[in-house]
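To start, the structure itself, in structure tokens.
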Amino acid sequence: MSRRAVLAGGAALGTWALAGGTPPTTAADPPFDGSDEAARLRAAYDVRVKAAALARDRVDGTQATNGDEDGVERWAAAYSKGLPHGRDGEVNPKAYPIYLRAVRSGRHQDFEAIPLGGFVKLANPQAAWAFDLVGPDATQPVLPPPPRFSSDEQAAELAELYWQALTRDIPFAEYDRNPVIAKACDDLSHMPAFKGPRRDGHVTPDVLFRGTTRGDLIGPYVSQFLLLDLPILPIRVEQRIRTAAPGVDYMTTYDEWLAIQDGKLAAVNTFDAQTRYLRNGRDLGEYVHRDFTYQGFLGACLLALRMGTQPDGANPYKHSRTQSGFTTFGQPYLIYLIAVVTQAALKACWYQKWRVHRRLRPEELAGRVDNHVRGVRQYPLHQSLLDSGALAAVRAASGSALLPQAYPEGCPTHPAYPAGHAVIAGACATVLKTMLDESHVIPEPMQPSADGLTLTPWKGADLTVGNELDKLACNIAMGRNIAGIHWRTDCAAGLALGEDVALAVLDEMRLTGNELYTGCSLRRFDGRTVRAG
């Protein structure tokens with residue numbers, strides 16, 4: 001079937017037919033007589049039982065950690081923000097076992113016994129025990145362990161974060177001619193364990209701080225879905241944001257850093273007087289500081305529909321002579337799916353964060369590095385980090401090895417791995433790529449000016465919906481890294497987890513429709529084309 005078929009139902013977005021949801025039977029073999037309400041209820045029950053069985057029969061994963069929680073003394077390589085800490089920044093040795101007992105038992109009374117170091121509460125650890133009525137159980141998806149505290153890959157990830165902090169105010173459009181960007185590229189190029197994209201073995205300005213999908217490496221750094229006006233009809237919303245003031249970073253002094261580790265109250269942001277399009281790392285970091293869960297993907301959905309993106313070729317209504325989609329296979333269904341996969345993916349994410357990995361945050365590891373280089377404590381840090389240009393540059397800029405934070409409060413009070421924004425991004429991008437024609441070329445693409453006050457036409461290679469959705473997913477994930485609160489592997493694992501959850505949800509949604517449907521195709525983040533739903 002052609003992926004260029006005419007939109008079902010004409011120009012109205014409300015009647016746009018989507019490819020999603022599928023029937024357990026065919027139209028020639030209905031599951032019940034339409035006049036028999038009792039049979040209808042039995043069929044509805046059967047659908048739920050089938051969905052539950054589908055979820056039950058997925059392979060249970062065996063979760064593995066990187067061993068840091070037990071392998072590094074005094075829990076120095078595990079997440080502990082919000083608990084009480086000593087002057088050396090390490091968690092109180094009486095507090096961590098209480099916290100650990102709670103995240104292993106799941107008992108309410110154990111969580112209420114956790115001692116806090118300040119006023120900031122832990123972020124919803126009991127969600128790690130929550131069930132869902134759609135998609136895989138949170139315990140089923142498996143993630144590879146994150147890099148070890150002492151590994152060269154962990155060293156490279158912190159080096160990248162130091163450079164991201166030092167370059168937050170440099171416009172993406174000026175990366176190719178900025179001397180600090182050149183130093184960052186050279187430093188990361190000499191770190192073999194760095195997993196970011198390269199060209200001919202070298203980190204270059206055009207791939208610096210980007211993701212590894214095909215879409216990430218084409219066109220402007222920021223996805224079109226974060227730049228173009230949003231058609232929240234009948235309103236059009238310009239995507240200029242209230243951004244943070246340039247040059248203002250936080251937690252660059254030890255006392256401030258230590259207070260935030262204890263959960264003391266933080267300062268407030270200083271804002272730019274102008275609203276701007278996302279033109280540098282600080283802007284992108286501030287966007288993902290304030291957005292709600294699936295905000296960027298709701299906007300992408302509306303934009304894609306408004307620019308005439310066709311549904312996937314397997315849409316059951318694309319060739320119907322008498323019908324168009326709405327409640328099923330229509331715009332309401334797509335928006336519903338975005339919300340549903342977000343919640344299912346978050347529960348899987350919180351399980352990994354609290355019950356499996358408890359990976360420390362970048363600000364915590366940078367505190368260990370600062371104490372190490374000052375001789376306060378000795379940690380098993382990889383020599384490539386201690387010798388890196390990134391560490392030397394951040395110490396020269398701020399006088400410490402602490403990681404300058406874009407947010408006054410630093411990271412949220414939940415562990416790092418995987419990244420919540422990345423998990424949501426992976427799930428939502430997967431739904432949209434499944435339902436939409438990924439090859440649709442975006443008309444009149446734009447890029448922000450260096451000052452972020454205007455948009456100018458993009459004159460390079462064609463930008464497609466599928467590629468720009470991949471880029472959007474990485475922008476949302478990487479924006480949190482640039483702000484200083486997540487690792488590159490947090491993002492990669494989060495995108496993969498969200499993708500897996502979304503595909504599982506779509507499998508279950510096949511059971512709920514009455515249309516003839518054989519599933520849709522999409523290109524996964526790793527480049528494989530698969531059939532979903």
Query - Positions within region 438-472 being closer than 23 Å to PHE329 by Cα and either modelled with pLDDT under 95 or small (Gly, Ala, Ser) (or both), in sequence order - result: SER439, GLY466
Report task. Hey, can you tell me all the residues within region 452-483 that are assigned to a loop (DSSP other than H, G, I, E, B) and either open to solvent by less than 10 Å² (accessible area, probe 1.4 Å) or more than 20 Å from MET307 (Cα to Cα) (or both)? Result -> GLY452, LEU453, THR454, LEU463, ALA483
Query raised in the report: When you scan region 75-91, how many residues do you find that are over 17 Å from SER151 (Cα atoms), surrounded by 14 or more Cβ atoms within 10 Å (Cβ to Cβ) and without any contact (Cβ under 8 Å) to a residue 24 or more places away in the chain?
Result: 1
Requested in this report: Give me the pairs, please: first residue somewhere in region 217-237 and modelled with pLDDT of 95 or more and surrounded by 21 or more Cβ atoms within 10 Å (Cβ to Cβ), second residue anywhere and of a type in the set (S, T, N, Q) and assigned to a helix (DSSP H, G or I), beta-carbon distance under 7 Å, and either six or more positions apart or on two chains.
Outcome: VAL222/ASN475; SER223/ASN475; LEU226/ASN475
Requested in this report: Working carefully through the options ARG488, ARG480, find the one that is in contact (Cβ under 8 Å) with a residue 24 or more places away in the chain and farther than 25 Å from ILE335 by Cβ.
Outcome: ARG488
Query raised in the report: Which of the following residues is under 16 Å from ALA304 (Cβ atoms) and assigned to a loop (DSSP other than H, G, I, E, B): GLU515, GLU444?
Result: GLU444
Query raised in the report: What are the pairs, 6+ residues apart or on separate chains, where a residue within region 49-69 that is acidic (Asp, Glu) has its Cβ under 8 Å from a residue that is assigned to a loop (DSSP other than H, G, I, E, B) and surrounded by 15 or more Cβ atoms within 10 Å (Cβ to Cβ)?
Result: ASP60/THR139; ASP60/GLN140; ASP68/ALA77; ASP68/ARG148; ASP68/PHE149; ASP68/LEU360; GLU69/ALA77; GLU69/ARG358
Query - Residue among TYR294, TYR287 that is open to solvent by 30 Å² or more (accessible area, probe 1.4 Å), under 30 Å from TRP163 (Cα atoms) and of a type in the set (Phe, Trp, Tyr) - result: TYR294
Requested in this report: From VAL207, VAL203, grab the single residue that is open to solvent by less than 50 Å² (accessible area, probe 1.4 Å) and in contact with a strand residue (DSSP E or B) (Cβ under 8 Å, 6 or more places away or on another chain).
Outcome: VAL207
Query raised in the report: Can you find a residue in region 147-155 that is surrounded by 23 or more Cβ atoms within 10 Å (Cβ to Cβ) and under 20 Å from the mean Cα position of the chain (by Cα)?
Result: yes
Requested in this report: Looking only at region 258-278, count how many residues are buried (at least 21 other Cβ atoms within 10 Å of the Cβ) and touching a Phe, Trp or Tyr at 6+ places or on another chain (Cβ under 9 Å).
Outcome: 3
**Report entry** Criterion violated by SER324 - all others in (1) touching a strand residue (DSSP E or B) at 6+ places or on another chain (Cβ under 7 Å); (2) buried (at least 23 other Cβ atoms within 10 Å of the Cβ) satisfied
**Finding:** (2)
Requested in this report: Considering each of ASP132, ASP187, ASP169 in turn, give the residue that is touching a residue at least 24 places away in the same chain (Cβ under 8 Å), surrounded by 22 or more Cβ atoms within 10 Å (Cβ to Cβ) and touching a helix residue (DSSP H, G or I) at 6+ places or on another chain (Cβ under 7 Å).
Outcome: ASP187
Query raised in the report: Which residues, taken from region 318-359, are over 23 Å from ALA102 (Cα atoms) and among the aromatic types (Phe, Trp, Tyr)?
Result: PHE326, PHE329, TYR333, TYR336
Requested in this report: Spot the failing condition for GLY61; the list is (1) closer than 27 Å to THR489 by Cα; (2) in contact with a helix residue (DSSP H, G or I) (Cβ under 9 Å, 6 or more places away or on another chain); (3) loosely packed, with under 14 Cβ neighbours inside 10 Å; (4) modelled with pLDDT under 95, and only one is missed.
Outcome: (2)
Query raised in the report: Going through region 330-352 one residue at a time, which ones are open to solvent by less than 10 Å² (accessible area, probe 1.4 Å) and in contact with a strand residue (DSSP E or B) (Cβ under 8 Å, 6 or more places away or on another chain)?
Result: GLY330
**Report entry** Selection from region 64-73 of residues that are surrounded by 16 or more Cβ atoms within 10 Å (Cβ to Cβ) and part of a helix (DSSP H, G or I)
**Finding:** ASP68, GLU69
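The values are calculated or read from the model by the stated rules, or taken from the named source; none is laboratory data. None of the values given here were measured: they were computed from a predicted structure. For neighbour counting, all protein chains shown are included, and Cβ atoms are generated from backbone atoms with ideal geometry for every residue, glycine included. Heavy atoms of the whole protein, side chains included, go into the accessibility calculation; ligands, DNA and RNA do not. Shrake-Rupley method; radii C 1.70, N 1.55, O 1.52, S 1.80 Å.
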